[in-house]
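The values are calculated or read from the model by the stated rules, or taken from the named source; none is laboratory data. If you're wondering where the values come from, they're calculated on a predicted model, not measured in any experiment. Positions of Cβ are backbone-derived with ideal geometry, glycine not excepted, and every protein chain shown enters the neighbour counts. Side chains are part of the model used for accessible areas, which takes the heavy atoms of the whole protein and leaves out ligands, DNA and RNA. Shrake-Rupley method; radii C 1.70, N 1.55, O 1.52, S 1.80 Å.
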Amino acid sequence: MTEYQHITADSAVHRDGTIKLHGPDGFAGMRKAGALAASILDELTTRVVPCVTTGELDDFVRGMMLDGGAVPATLGYRGYTHSCCTSINHVVCHGIPADKRLKDGDIVNIDVTPLLDGWHGDTSRMYFAGDPPLKAKKLVEVTHECLMIGIAQVRDGARLGDIGAAIQKHAEQHRYGVVRDFCGHGLGRLFHDAPEVVHAARAGTGPELKAGMFMTIEPMINLGRAHVKLLNDGWTAVTRDKSLSAQFEHSIGITEDGVEIFTKSAKGLDKPPY
Ligand code: MF3
Ligand code: CO
Ligand code: CO
């Protein structure tokens, strides 16, 4: 089987293990879905404060998606019943919105995926509730650097492993743990598709990156060790050692001469403090 294929109307929605190569229509669709996703994360910057519940934030996210003509891709996804993920402190990812109130000093990741006109815009950022400790702020800063350093590797002709290699090197320079249990992923008309974008890898390995590929990069970086465990709810992933964890995610497309970030903030609200 070839590693990649130019999509057709039918192949765009099939998970057959190949990496899809999209044309101008795909870029236009992802640009719109990504812009809506980014604008939702922008609006959350003033709403993530001590005493708000993650359930209230989830309601706000769902409202903005519906107002924008989208639906939350997570709603009903493999039995998930919420419109975003809210991952607080030692929660690595897939935290479930609930009645729990944020408290001063929490760090929280909010991950949104509007499905707009058939295209998925998948992105997350970290937020500070009040004033977290310096070591938490530093973890968040370096995790954002990891995302952007990963994206900086992306160009036609590079290898998939170059992304993870650069992220791993930067995180480990700071003695942080890179989570192995969850990856970035291809996306487009599908939410999760090939390839798996691992965040710890060897440079020069893996499939060649080509113009027209869409994928997320979404490193999860732990203040302590890399190991993760899943809570009994079947979704919430936490650090085994209870250390803090941070994550940022962008959806990107590979162009002839570089990379387009579909989910960049139009307001420059890329990372806290906002
Ligand atoms: N948005 C997540 C990702 O980055 C996936 C969340 S799936 C859910 O891939 F069901 F947990 F919401
Ligand atoms: Co994702
Ligand atoms: Co996501």
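Before moving on, here are some points about what is shown:
- Considering only the Cα atoms of the stretch 1-143, their convex hull presents on average a projected area of 10.0 nm².
- Residue pairs, from the table Lys100/Lys137; Lys210/Lys271; Lys32/Lys169; Lys135/Lys264; Lys242/Lys264, whose Cα atoms sit over 24 Å apart: Lys210/Lys271; Lys32/Lys169; Lys135/Lys264; Lys242/Lys264
- Backbone N atoms of the stretch 230-274 closer than 15 Å to the 7 Å Cα→Cβ label point of Asp156 belong to residues 253-260.
- Taking the Cα centre of the chain as reference, the dipole from Cβ charges on Lys and Arg (+1) and Asp and Glu (-1) amounts to some 780 debye.
- Modelled FRET efficiency - R0 41 Å, Arg47 with Asp257, Cβ distances, 0.05 increments: 0.65
- Total formal charge among the other residues, if their Cβ is under 11 angstrom from that of Gly130, Lys/Arg +1 and Asp/Glu -1: -2
- Mean Cβ count within 10 Å, highest first, over the residues of peptides 136-143, 248-255: 248-255, 136-143
- Solvent exposure of the chain as accessible area per residue, Å², 1.4 Å probe: 43 Å²
- Look at the Cα gyration tensor of the stretch 149-274: its axes a ≥ b ≥ c give a/c of at least 1.5 with a/b over b/c, and that counts as prolate.
- Rounded if a/c under 1.5, otherwise prolate or oblate - the stretch 139-208, Cα gyration tensor axes: prolate
- In this simple spin-label approximation, Asp117 and Asp59 carry label points 7 Å from Cα along the Cα→Cβ vector, and these lie 3.1 nm apart.
- Apolar share of the accessible surface for the chain: 52 percent from carbon plus sulfur atoms, 1.4 Å probe.
- Counted charge near Gly212, where neighbours are those whose Cβ lies closer than 15 Å (Asp, Glu -1; Lys, Arg +1): -3
- Using 0.36 nm per residue and subtracting the Cα-Cα separation, the extra length available between Lys267 and Val71 on full extension is 68.2 nm.
- Taking a Cβ cut-off of under 10 Å around Ile7, the surrounding Lys, Arg, Asp and Glu residues balance to a net charge of 0, with basic ones at +1 and acidic ones at -1.
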